[in-house]
Structure formats: C-alpha cells, structure tokens
Amino acid sequence: MRTRTIGSLEVSVVGLGCNNFGSRLDEERSAEVVHAAVDAGITFFDTADIYGATHSEEFVGRALGARRADVVLATKFGMAVDAERKGAKPAYVHRALEDSLRRLGTDYVDLYQLHAPDAETPIADTLAALDECVRAGTVREIGCSNFTVEQLREAAAAVADGAARFVSVQNQYSLLHRAPEEDVLPECRRQGLAFLPYFPLASGVLTGKYRRGQAPPAGTRLSAAKQNEGMLADADLAFVERLTAMAERHGRSTVELAIAWVAAQPPVASVIAGATSPDQVRANVAAADWELGDGDLAEIEALAPGTAP
C-alpha cells in the first residue's frame with residue numbers, strides 16, 4: 001500500500017478508524033477487523049479514549065498484541081470520558097495519556113491528539129504538557145482534531161522554541177462535506193500540517209447502499225430516523241448515484257471512488273475509514289491503489305450537486 005507521512009511517522013494512505021469498537025462491535029468482532037486491516041496492509045490505526053466508553057483502546061491493544069510495533073497507533077483525549085476526565089489542562093493531559101497507555105497495553109503512542117479545543121485552557125499550557133510527553137518518550141508526535149483555522153494559528157503561535165508542535169489536524173471531510181477546502185486545508189498547506197479526514201464515506205451515505213425513495217437498509221448506521229436526519233437528502237443521494245455510475249465505468253465501487261477522491265486532495269496523509277467487518281476493511285483498502293487523474297477529478301466536480309441534472 002502507498003504510504004505518506006505525518007510528521008516523522010510513515011502511514012498507509014488508508015487507515016482504520018476504530019470508533020465502532022466497543023459500541024457496534026464486541027471484542028471478538030473488533031479483533032477480526034483489526035487483524036484484517038493489518039493483513040491488508042493498513043499501518044495507521046486511529047482510536048480515542050471515549051470510543052466504546054474506553055473499550056475501543058482496550059480492544060485495539062489486545063488485538064494488535066505483538067504486532068503493535070508494526071503499526072502507527074493514534075489515539076485522542078479531551079472529550080468527556082466522564083464528569084472528571086475531560087479537557088486539556090496539563091495535569092489531565094498526563095493522566096489521560098497514562099490511562100490510554102494502560103488500556104492500549106503499550107508504553108508509547110505514535111500520534112497523540114487533542115480531540116477538540118478546550119476553551120477553558122490556554123493552548124500554550126496544553127502544548128507544554130504534550131511536549132513533556134514527547135520528551136519523556138511516551139508520545140512520538142502530537143496532533144489536534146476539530147480545530148478551526150484560527151485555533152490552528154493560535155496553536156502554532158503558542159509553541160515554545162524547540163518544543164513539540166502539532167503535526168496534524170483531524171477534521172471531517174468527504175465528497176458530501178467539503179467545508180475544509182475553504183480554510184483548513186489551505187492552512188494545513190501553509191503550516192505543513194498533515195490532514196486526517198474522518199467520515200470520508202459520510203457515515204455510509206457514500207457507500208451507495210442508500211437509495212432515493214427507499215427506506216435505509218435494516219441494521220445500517222442510518223436506519224434510525226433520529227440518526228439520518230438531514231443526511232439522506234435527495235440531492236445528495238442523486239449525486240451518489242452519479243458517482244456510482246462513474247465508479248462502475250472504471251470497474252470500481254462507490255466506496256473506492258469516495259476514498260480515492262479524498263486521498264487525492266493535498267495535504268491528506270491517511271484516510272481514516274471505519275469498518276464493522278473484514279469485508280468492509282478490504283473494500284476500503286481496495287481504494288488505496290486508485291490514483292485519480294486530473295480528468296477523473298474534473299469529472300467528479302461536474303457530477304456534484306448543482307452542476308448535473
């Protein structure tokens with residue numbers, strides 16, 4: 001599989017998002033997904049302390065076992081685990097990392113990410129604590145998630161000379177959510193940050209399994225009305241149908257097209273795609289060798305809502 005870099009880290013262009021572990025998947029099924037991912041060439045695994053009520057980290061750590069050294073392991077902190085464990089104050093940075101290391105069964109995290117900005121804590125204080133973790137060898141690189149351009153600039157300005165700085169930002173990005181193109185992606189290029197897109201399949205809408213005029217398939221992520229509100233608009237589903245037709249002309253799937261498109265956008269480093277089965281892992285990985293050309297990208301733009309009948 002092709003690789004790219006996040007700071008000093010080399011990662012597969014398609015990664016595995018582990019947010020389903022401990023919630024939609026039990027430990028046995030989570031392990032099947034992890035093993036399928038490693039076998040398929042995925043080397044970048046992204047989890048968080050809050051995923052699966054902390055069980056995701058445990059499942060990932062146990063599933064990787066002796067293969068831990070073969071992968072780049074990323075986790076996140078800052079969103080509320082409970083009423084006490086939350087935020088980005090220096091003392092909590094260290095406590096959260098210790099908790100994650102214990103759950104993951106490892107003595108270091110390759111990429112440690114602030115899951116969301118903490119308005120109550122100066123970013124300089126958080127960065128100083130993260131730098132201590134890097135200097136201690138328990139973290140290799142640091143990143144952030146759900147940051148705006150202004151917050152990225154504030155963080156860059158707050159880094160002390162010679163101290164660790166954010167090398168990545170993880171925000172939502174897909175063919176159906178392109179807001180980062182307006183500001184965050186250009187800022188990443190300016191600062192030299194790797195961009196890590198989550199929800200590249202728009203919670204499954206870009207798989208092609210949802211159709212206009214039809215109820216969502218039973219058991220899918222958006223099968224409940226409260227979960228799909230606003231996510232299954234006719235215009236978006238019509239766009240997906242056009243993408244599916246294009247993918248089929250190339251002998252590919254809609255999933256492959258959606259992931260390949262995200263991977264083609266600089267400065268994307270690794271496309272974080274979730275999976276609930278080994279088959280889904282392999283479907284995601286199939287996109288890794290599809291490098292879209294300028295003609296392909298122009299065709300996709302022409303298919304976008306508002307530009308096609």
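Please treat every number below as a calculation from the coordinates, not as lab data. Treat the numbers as computed from the prediction; the structure is a model and nothing was measured. Reconstructed Cβ throughout: ideal geometry from the backbone, glycine too, with neighbour counts over all protein chains shown.
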Legend entry - Rounded to whole Hz, the Karplus (6.51, -1.76, 1.60) HN-Hα couplings of the range 74-88, x for glycine and proline: 10, 9, 9, 9, x, 6, 5, 7, 7, 5, 9, 8, 6, x, 9
Inset, instruction - Return the sequence-ordered ³J(HN,Hα) values of the range 119-125 in whole Hz as given by the Karplus equation 6.51 cos²θ - 1.76 cosθ + 1.60 applied to θ = phi - 60°, using x for Gly and Pro. - result: 5, 8, 10, x, 4, 4, 5
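Please arrange Tyr210, Tyr108 by how many other C-beta atoms lie within 10 Å of their C-beta, fewest to most. Provide the component values of the computation, followed by the final result.
Details: Tyr210 24, Tyr108 16.
So the ranking, lowest neighbour count to highest, is Tyr108, Tyr210.
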Inset, instruction - List, in order, the whole-Hz ³J(HN,Hα) value for each residue of the range 136-153 obtained from phi through the Karplus relation with A = 6.51, B = -1.76, C = 1.60 and θ = phi - 60°; use x for Gly and Pro. - result: 7, x, 8, 9, 8, 9, 10, x, 9, 8, 6, 9, 8, 4, 4, 5, 5, 5
Legend entry - 5 angstrom amide H check on Gly7, placed H, neighbours 5+ away: Ala194
Inset, instruction - State to the nearest 20 debye the size of the charge dipole of the chain about its Cα centre, where the only charges are +1 on K and R beta carbons and -1 on D and E beta carbons. - result: 400
Legend entry - Debye intensity ratio I(q)/I(0), log10, the range 3-303, q values 0.10, 0.11 Å⁻¹ (C-alpha model): -0.53, -0.65
Legend entry - R0 of 45 Å, Cβ-Cβ distance Arg153-Asp289: FRET efficiency to nearest 0.05: 0.80
Inset, instruction - Return the long-range amide H neighbours of Gln113 (sequence gap of 5 or more, or a different chain), with a cut-off of under 5 Å between placed amide H atoms. - result: Thr75, Lys76, Phe77, Gly143
